[in-house]
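I have placed the structure first, in the form of structure tokens, so that the comments after it can refer back to it.
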Amino acid sequence: MTDAVPDAAVLFSDLVARTAARDIPASTLRTARLDLLDTIGVAIAGADALGVPEARDVLLAWGGTEASSVWSTGRALPPHEAAFLNAMAGHALDYDDQHPGVLHTGVCVIPAVIATAEASRVTDMATLLAAIVLGTEVADRIAVATTDGPGVTGWLLTPLCGYFGAAAAAAKVMGLDAAHIRHALGFAYAQASGNGQVTLDGAVAKRMQPGFASRGGVFAAALAARGLTAALDSLEGPRGFFHVYQRDRYDRAALTDGLGATWLIDAATFKPYPCCAWTHAALECAAALRSKGVSRHNLVSVDVGVNEQAYRSTGTPLPRRYEPKTPVDAQFSIPYTFATALVRGTVRLSDFTPEAFARADVVSIAARVHPAVDKEIDAACPREITPARAVAKLLDGSTVEAEVSRPLGFGERRLSADDLRRKFEDCCASARRDERSVERLEQVVLEGGVGAAAELFALLRAAS
């Protein structure tokens, strides 16, 4: 950009440097606490999910300065490696938050904040909360400004934008000034990546990509703090992010207008189901059909219409979507999640295990589920979490329909604070976490103030 119209990296750096917790509305800081609680909960539940222990073993074997907690293990690592493992655990169950632009921001930003704060001996919760809000703003602004979604570009926005958010948040925790934060964003750009091929292949790397972003953000801030230099116009320069990654297809107004006056974390939503949000309306259609008497015994086939983004990510007719071999296969499958909800009435954490994939009743229904792009839905909601429309054909020749315009967790159906507390407690229970420590952890996250961060770190480090 020009001096008259500065690169968005300049505007973001200034915002992050000058904004303190006292400048952020109390309601927004409360949302940051809820996002923190939700992210910690799903990470505790995901600490032993497929791939997480193996990655943890690699990094613990390599070792390093034990500065930051690896949650629920009793162990610690250098901050960037702790951030990687905690973010990976937080994303492993696909149960983490959902932000505007269709990305999971908390799982990139929050592990970076906590790992950096612990290594830097920051103890005031207000510092953590401000960094979460600011890092989220950077990542979410970049995401909502993109014109084309992951189904078009192939880039997954969670890690791609998460690098920038994690870098901004870690830099805030470290107390860097605007000039150094701008270099931190440049170092984030030097690393930024994240692709959708992993979901098509059902690869464990899917759950690692936010870990790379969180680790990269911590590393970026540390490099900038040492005075090293990176791209200055990292977002809108001639070879900046929006030109190279998005081919200049972006909305600058969404990127910069109202910066500092509104906070995108306020629009964060939280998942009631541990699978890709693009499956949620479809699986709720299945539950609705179940309540109308549709079952595996009378179902011939069912057509499920969604938007193109949802279809490309979770509906294309790959064999692994019908007979999942890995949790990632199942998390990104309309046929599997639809069939599960038709059989069980909902979808739970226990539905993403090898034993669950072998259930004959679910597999038989999945084979009869036919996702497709609904042109009307796609025209109305091309980038948002998709509505869904299902038409079931029965053995007697009749049809039964169900439609979900907005799934639970979104819009007017957002989960309440009480819902999130129950979800957190369920996640901790699934990991067999001690009830007393769970109660105290919840209290510290939702109510802790000056000095409380130190207790938070200790509670997070404690083994389940």
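The values are calculated or read from the model by the stated rules, or taken from the named source; none is laboratory data. Treat the numbers as computed from the prediction; the structure is a model and nothing was measured. No Cβ is skipped: glycine too gets one built from the backbone with ideal geometry, and neighbour counts run over all protein chains shown. Side chains are part of the model used for accessible areas, which takes the heavy atoms of the whole protein and leaves out ligands, DNA and RNA. Shrake-Rupley method; radii C 1.70, N 1.55, O 1.52, S 1.80 Å.
Descriptive notes on the structure:
- Going through (1) over 22 Å from the mean Cα position of the chain (by Cα); (2) of a type outside the set (G, A, S); (3) within 23 Å of S193 (Cβ to Cβ) one by one, V304 falls short only on (3).
- With respect to (1) under 25 Å from C428 (Cβ atoms); (2) open to solvent by less than 30 Å² (accessible area, probe 1.4 Å); (3) among the aliphatic types (A, V, I, L, M), the lone exception for V138 is condition (1).
- Scanning the range 142-165 for residues that are open to solvent by less than 10 Å² (accessible area, probe 1.4 Å) and at pLDDT 95 or above yields I142, A143, A145, T146, L157, P159, L160, C161, G162, F164, G165.
- Contact map, the range 188-214: first residue of a type in the set (S, T, Y), second residue not in a helix (DSSP H, G or I), Cβ cut-off under 6 Å, separation 6 or more or different chains; pairs are Y189/A231; Y189/S234; T199/F332.
- Residues (of a type in the set (A, V, I, L, M, F, W, C) and free of Cβ contacts under 8 Å to residues at least 24 places away in the same chain) located in the range 425-443: A429, V438
- Residues of the range 344-364 that turn out to be of a type in the set (S, T, Y), within 17 Å of L93 (Cβ to Cβ) and outside any loop (DSSP other than H, G, I, E, B), as a count: 1
- Residue count for the range 285-312, restricted to those that are part of a helix (DSSP H, G or I) and open to solvent by 20 Å² or more (accessible area, probe 1.4 Å): 7.
- Scanning the range 217-263 for residues that are open to solvent by 30 Å² or more (accessible area, probe 1.4 Å), of a type outside the set (A, V, I, L, M, F, W, C) and either assigned to a helix (DSSP H, G or I) or in contact with a Gly (Cβ under 6 Å, 6 or more places away or on another chain) (or both) yields D233, H243, R252.
- Counted residues, the range 122-161 - those being in a loop (DSSP other than H, G, I, E, B) and of a type in the set (V, I, T): 3
- Of the residues in the range 74-81, none is among the acidic types (D, E), open to solvent by 10 Å² or more (accessible area, probe 1.4 Å) and either on the phi > 0 side of the Ramachandran plot or free of Cβ contacts under 8 Å to residues at least 60 places away in the same chain (or both).
- The residue that is farthest from A83 (Cα to Cα), among those in the range 206-216 that are surrounded by 24 or more Cβ atoms within 10 Å (Cβ to Cβ) and over 12 Å from the mean Cα position of the chain (by Cα), is G216.
- Candidates A379, A372 - the one that is open to solvent by less than 60 Å² (accessible area, probe 1.4 Å) and either farther than 27 Å from G51 by Cβ or part of a helix (DSSP H, G or I) (or both): A372
- Those helices (runs of 4 or more DSSP H) of the range 1-110 in which 1 or more residues are at pLDDT 95 or above and of a type in the set (K, R) occupy 8-18, 26-45, 52-62.
- Within this structure, E425 passes the test of being more than 30 Å from H370 (Cβ to Cβ) and within 20 Å of the chain's Cα centre (by Cα).
- Candidate set: the range 46-67, residues that are over 20 Å from A429 (Cα atoms) and touching a residue at least 60 places away in the same chain (Cβ under 8 Å); chosen: the one nearest to the chain's Cα centre (by Cα): G51
- Test result for T105, within 19 Å of P25 (Cβ to Cβ) and buried (at least 24 other Cβ atoms within 10 Å of the Cβ): yes
- Residues that are among the polar types (S, T, N, Q) and either in contact with a helix residue (DSSP H, G or I) (Cβ under 7 Å, 6 or more places away or on another chain) or closer than 27 Å to K375 by Cβ (or both) within the range 312-361 comprise S313, T314, T316, Q331, S333, T337, T340, T346, S350, listed in sequence order.
- Pairs are defined by a Cβ separation below 7 Å, a sequence spacing of at least 6 or placement on different chains, a first member in the range 275-293 that is more than 12 Å from A402 (Cβ to Cβ), and a second member that is assigned to a helix (DSSP H, G or I) and open to solvent by 10 Å² or more (accessible area, probe 1.4 Å); the pairs so defined are C276/S313; W278/Q309; W278/S313.
- Residue selected from the range 325-353 under the condition closer than 18 Å to K206 by Cβ and open to solvent by 10 Å² or more (accessible area, probe 1.4 Å), by the criterion nearest to the chain's Cα centre (by Cα): F332
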